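These notes are about the structure you will find just below.
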Amino acid sequence: MEKKIFEIAGVEPGRVRHMERTAAFMAEVAPLWNISPARAYQAGLYHDIARGLPPEEILRLCREGGTHPEPWEEERPLLLHGEAGACLLKREGIVTDEEVLTAISSHVTARPPMTPLARLLYVADKGEPGRKWEEGRLLRKLARKAPREAYFKALSLVIAFLGKEGLFIHPATLSAYNRALDPLSEEIRQDCPYCGRWKNRPAVVDGIVLNSQGKILLIRRGRDPFRGSWALPGGFMDWGETAGEAVVREVREETGLELKDPRFLAVFDSPGRDLERGTVSLAYYGTAADEGDLRPGDDACDSRWFSFSALPSLAFDHGKILSLFMERVRL
Ligand SMILES: [Fe+2]
Ligand SMILES: [Fe+2]
């Protein structure tokens, strides 16, 4: 299986060895990072599968898999070799574990979501024993005892290197560095000029929208975080609207459908639910007033009806929102 996929993607022997060393190192330190060694090994073994593909092939794989390159990525397709690799591995059925695919997608630029597995891959990729730089040893040492510090060090080394060489630094990498440095860094915190507290209304709404056959409406996220993942339609409340109005607006913007009489389900407020801001979500449910053509827009690059028996894995804590809905309302 390994050999075949490496052949399909034309991976050079030197790169195969880099991936094997990355995988072995990840499996070794995985328990300290609270990650299953098998999962860690798989992420390491396949992470650079698309690294040697021609630029146009990388872009094609991304688009086929639902990732929409940003303009600065179109100009530098190699930045997307993680995303392209994940798309290829998924398409060929080589990797089905969504968390492994997510980590492979993120390993080049540290784009969100940087799960513990994604962080370990980011560190191991730069620090595996075959890497010919002195800092590799430091990264291995940190990875064996202090995961947080190892991840921060890997980001700072990459940024320092790119800066010194005068190379482009992906916005996701800078933002990952700032978040790792201080989860409430200036970039993330947007202070109100009057009271010094949050400027945005840090509340989102999420909508569970059903049709007459009892299917549920999901969108595929076209932007980070969780770009490419399926999710409930929803988003930030605007100033001057109620939560009920916001959920109707978000469903309309992202799918083109009208949500009829949204009913409140629950508040979702666990601090880690959206990776960084701790945004509070107000979840609503209701039916679509019409079931005409779906027109994905705004944050959504796709929208579809799913039956409850065949749901994909969902972004954020949307799986939890749906479970509560099933428990309280649908069953
Ligand atoms: Fe890579
Ligand atoms: Fe690599």
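Throughout, read-outs are computed from the coordinates displayed, never taken from laboratory work. This is a predicted model, so every value here is computed, not measured. Every residue, glycine as well, gets a Cβ built from its backbone with ideal geometry; the counts of neighbours run over all protein chains shown.
Net length available on complete extension from LYS320 to PHE236 is 28.3 nm, with 0.36 nm assigned per residue and the Cα-Cα distance removed. Only Cα pairs under 8 Å and 6+ residues apart enter the sum, and on that basis the relative contact order of the chain stands at 12 percent.
The trypsin sites (Lys or Arg not before Pro) of the range 69-148 meeting both criteria, a DSSP state outside H, G, I, E and B (loop) and at most 16 other C-beta atoms within 10 angstrom of the site's C-beta, are LYS132, ARG144, LYS145.
Across SER105, SER313, SER175, mean-square fluctuation computed from a Gaussian network of the chain (C-alpha pairs under 10 Å connected) peaks at SER313.
Normalising the average separation of contacting C-alpha pairs (under 8 angstrom, six or more residues apart) by the number of residues puts the relative contact order of the range 203-330 at 33 percent. Take each peptide in 58-66, 81-89, count the other Cβ atoms within 10 Å of every residue, and average; sorted highest first, the result is 81-89, 58-66. Straight distance only, please: which lysines reach the Cα of LYS260 with their own Cα at less than 29 Å, same-chain residues fewer than 8 apart left out? Leaving aside lysines fewer than 8 places away in the same chain, those within reach of LYS260 are LYS215, LYS320.
For the range 203-330, the normalised intensity computed at q = 0.09, 0.15, 0.17, 0.22 Å⁻¹ comes to -0.21, -0.61, -0.81, -1.48 (log10 of I(q)/I(0), Debye sum over alpha carbons, equal scatterers, no solvent).
Most simply put, the chain has about 70% antiparallel DSSP beta bridges, counting only bridges with both residues inside it.
Among residues other than ALA43 with Cβ under 9 Å from its Cβ, the summed charge is -1 (Lys and Arg +1, Asp and Glu -1).
To the nearest ten degrees, helix 55-64 and the longest principal axis of the Cα atoms of the chain are 30 degrees apart.
Can you pull out the trypsin sites (Lys or Arg not before Pro) in the range 223-314 whose DSSP state is coil and whose Cβ has at most 13 other Cβ atoms within 10 Å? Spell out each step's value before the answer.
On the way: sites: ARG223, ARG227, ARG249, ARG252, LYS260, ARG263, ARG273, ARG277, ARG304; in loops: ARG223, ARG227, ARG273, ARG277.
Here the sparse-neighbourhood loop sites are ARG223.
Using the alpha-carbon atoms, what tilt in degrees (0 to 90, nearest 10) does helix 81-91 show relative to the longest principal axis of the chain? So the helix axis and the longest Cα principal axis differ by about 70 degrees. Across all Cα atoms of the range 260-303, the radius of gyration (one decimal) and Dmax (whole number) stand at 14.0, 37 Å.
Can you tell me the equivalent ellipsoid semi-axes for the range 2-181? Use √(5λ) from the Cα gyration tensor, largest first, whole Å.
Details: eigenvalues 104, 78, 45 Å².
Computed over the range 2-181, the values are 23, 20, 15 Å.
Please report, in debye to the nearest 20, how large the charge dipole of the chain is about its Cα centre when each Lys and Arg carries +1 at its beta carbon and each Asp and Glu carries -1 there.
Details: 46 positive and 49 negative charges, 242 e Å.
Its charge dipole is roughly 1160 debye.
Each Lys or Arg adds one and each Asp or Glu subtracts one; over the other residues with Cβ under 14 Å from the Cβ of ARG328, this totals +2.
Coordinate range of the alpha-carbon atoms in the chain per principal axis, descending: 61, 51, 38 Å.
Tell me the GluC sites (Glu not before Pro) within the range 88-129 that lie in a loop according to DSSP and have at most 16 other beta-carbon atoms within 10 Å.
The qualifying sites are GLU92.
From the cross-link list LYS4/LYS141; LYS126/LYS164; LYS90/LYS164; LYS132/LYS164; LYS4/LYS132, which pairs have alpha carbons spaced over 26 Å apart? It would help to have the intermediate numbers written out before the result.
On the way: LYS4/LYS141 34 Å; LYS126/LYS164 17 Å; LYS90/LYS164 36 Å; LYS132/LYS164 18 Å; LYS4/LYS132 28 Å.
Where the Cα-Cα span goes over 26 Å, the pairs concerned are LYS4/LYS141; LYS90/LYS164; LYS4/LYS132.
Run the numbers on the range 79-179 and let me know its relative contact order in percent, using alpha-carbon pairs under 8 Å that are six or more apart. Kindly include the intermediate steps, with their values, before the conclusion.
Numbers: 109 pairs, mean separation 20.8, N = 101.
Once divided by the residue count of the range 79-179, the mean separation gives 21 percent.
Cβ under 10 Å from ASP206's Cβ, ASP206 left aside: what net charge do those residues give with Lys, Arg +1 and Asp, Glu -1? Local net charge: -2.
Taking the Kirkwood radius as Rh and the Cα radius of gyration as Rg, the range 84-144 has a ratio of Rg/Rh equal to 1.04.
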